Structure formats: C-alpha cells, structure tokens
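To start, the structure under review is shown below, and the notes come after it.
The values are calculated or read from the model by the stated rules, or taken from the named source; none is laboratory data. The structure displayed is predicted, hence computed values, not measured ones. Because the Cβ atoms are built from the backbone with ideal geometry, glycine has one as well, and the counts that use them run over all protein chains shown.
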Amino acid sequence: MNAWKNHSIRVSIICAITLACIPNSYAADNSFSGEWEYVEYVPGSAKPYSTFDIKLTQSRDGTIHGAYCFITQNGNRIDCDPDGVANNIIGHLTEDSRKAQVRFYSFFGAKGGEAELMRTDNNLIWNVKKNPVGDFFYGPYRVNLIKKPENMHQGEREVIVDKTYLYESPSQPSNSSTYIVKGDYVKPLRVSDNFKFWKIQYREKSGELIERWIDCNAINFCP
C-alpha cells in the first residue's frame with residue numbers, strides 16, 4: 001500500500017513538473033512577434049503600388065504592441081513614423097491565442113481605429129473593424145501579410161548596384177569619397193522630402209556606425 005502511495009506521489013510530481021513546462025496559450029511558436037509585410041502590384045508594373053509592413057512585439061502576458069508603415073499610391077501617400085520609433089498599435093491576444101484585438105492610429109492623425117489580427121502559420125491577417133477618425137486614413141482595410149525571415153540583416157536593405165556614394169545631405173548631394181558596394185547592407189531610417197534619398201545607418205568595417213544619405217535606387221527602395 002505504501003509503495004502504491006509513493007508511486008502515486010511520484011507520478012503527481014512528474015505530472016506537475018511536466019504541466020509547468022508546457023507553454024501556455026501565449027507560446028513562442030504562435031507568437032505575433034516579428035516583422036510582417038504585404039506588397040501589392042498593379043498589372044504591367046514592376047514597382048509596388050503599395051507596401052504594408054508591421055513590426056510587432058508580444059509580451060509574456062499576451063500584450064501586443066508595435067507599429068506599421070503603409071506606403072501606397074506609388075509613394076504619394078506614406079503613413080509611417082518618419083523617425084521609425086513610435087508605436088501606433090497596442091492590444092492583447094484573445095483566449096485562443098490565434099487572434100488579437102488591437103487599437104491603432106494613423107500617422108496622418110486619425111485616431112481610435114480598431115483591428116483584428118489573426119495568425120495562421122507564417123501569415124498574419126490584418127482586418128480593420130473600426131476606421132480611425134479625424135484627419136486621414138488610407139488603409140489597408142484587410143490584407144494578408146507574410147512573415148519576414150529572421151536573420152542578421154533584419155530591417156536592412158541590400159545594395160543592388162555595383163557602387164553607390166553616401167552623402168551628408170539629400171538636398172544638395174555633392175561629390176563624396178565615401179561609397180559602398182553591391183552586397184553591403186544598410187538600415188533605412190527615413191526618406192527625404194523629395195522621396196529620392198534615404199537616410200541610412202551603415203556599419204563600417206571598423207565597427208563604427210555612421211549615418212548618411214543614399215540614392216533610393218541603390219537599395220531598390222524608392223517610394
């Protein structure tokens with residue numbers, strides 16, 4: 001009898017430990033964290049008509065926050081934070097952990113928007129339930145985003161031309177002796193007022209980070 005009792009106690013302890021180790025409903029495999037993107041093309045054009053990027057962080061308690069960047073109408077409408085630091089999305093997972101209810105605002109000034117996020121494998125569905133009001137909001141209203149691969153160059157763009165110069169200013173690009181080459185990576189920070197240059201961050205071979213301006217065509221990232 002004592003042997004059976006001791007066996008039951010051991011089984012109970014093992015079960016308790018095992019259950020404690022099972023991820024809760026906010027498991028990392030189902031996490032909304034990461035960068036997601038949607039690209040829209042129009043027939044006959046190699047340049048995207050719209051791009052919609054969302055960067056999300058999911059906390060252990062199921063809280064979600066992040067920001068989106070929506071560029072549409074061939075770059076004529078840019079709903080993004082110019083400095084790339086503000087979060088305009090906040091919300092929480094639902095009980096089944098596959099969906100999240102979030103509130104958001106447009107960087108054009110419209111506020112009070114509500115959306116549902118649904119995670120399916122490497123896809124994220126963005127579905128606006130309530131449009132933000134005041135000023136402007138251009139969407140998107142419902143799109144299917146793909147998760148960007150996680151790698152050492154996350155958030156960066158690759159130089160696609162053989163050689164491109166880095167400038168101190170986008171308004172009057174002058175002759176520069178600083179250049180980078182095809183295959184180098186830079187991190188875009190903000191676009192110039194004329195949409196022809198990006199302020200970028202680049203790590204030199206010495207390890208030093210510098211900030212300069214680069215022709216948008218050099219990284220295939222013209223709005």
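Summary of computed values
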item: Residue among GLU150, GLU156 that alone is among the charged types (D, E, K, R), modelled with pLDDT under 90 and farther than 14 Å from ILE219 by Cα; result: GLU150
item: Any chance LYS111 is surrounded by 13 or more Cβ atoms within 10 Å (Cβ to Cβ), assigned by TED's automatic domain parsing to the domain that holds GLY75 and either among the small types (Gly, Ala, Ser) or in contact with an Asp or Glu (Cβ under 9 Å, 6 or more places away or on another chain) (or both); result: yes
item: Matching residues in segment 47-88 - criterion: being assigned to a loop (DSSP other than H, G, I, E, B), farther than 17 Å from TYR141 by Cα, under 16 Å from the mean Cα position of the chain (by Cα) and not polar (S, T, N, Q); result: ASP81, PRO82, ASP83, GLY84, VAL85, ALA86
item: Matching option when the condition is in a loop (DSSP other than H, G, I, E, B) and either modelled with pLDDT under 90 or under 17 Å from PHE104 (Cβ atoms) (or both), among GLY91, GLY44; result: GLY44
item: Residue list for segment 81-96, filter: buried (at least 19 other Cβ atoms within 10 Å of the Cβ) and in contact (Cβ under 8 Å) with a residue 24 or more places away in the chain; result: ILE89, GLY91, LEU93
item: Residue tally, condition under 21 Å from the mean Cα position of the chain (by Cα), among the basic types (Lys, Arg) and closer than 21 Å to ASN74 by Cα, over segment 154-211; result: 3
item: Strands (runs of 3 or more DSSP E) contained in segment 117-218 and holding at least 2 residues surrounded by 12 or more Cβ atoms within 10 Å (Cβ to Cβ) and in contact with a Ser or Thr (Cβ under 7 Å, 6 or more places away or on another chain); result: 179-181, 209-215
item: Hits in segment 181-197 - residues which are of a type in the set (A, V, I, L, M, F, W, C) and touching a residue at least 24 places away in the same chain (Cβ under 8 Å); result: VAL186, LEU189, VAL191, PHE195, PHE197
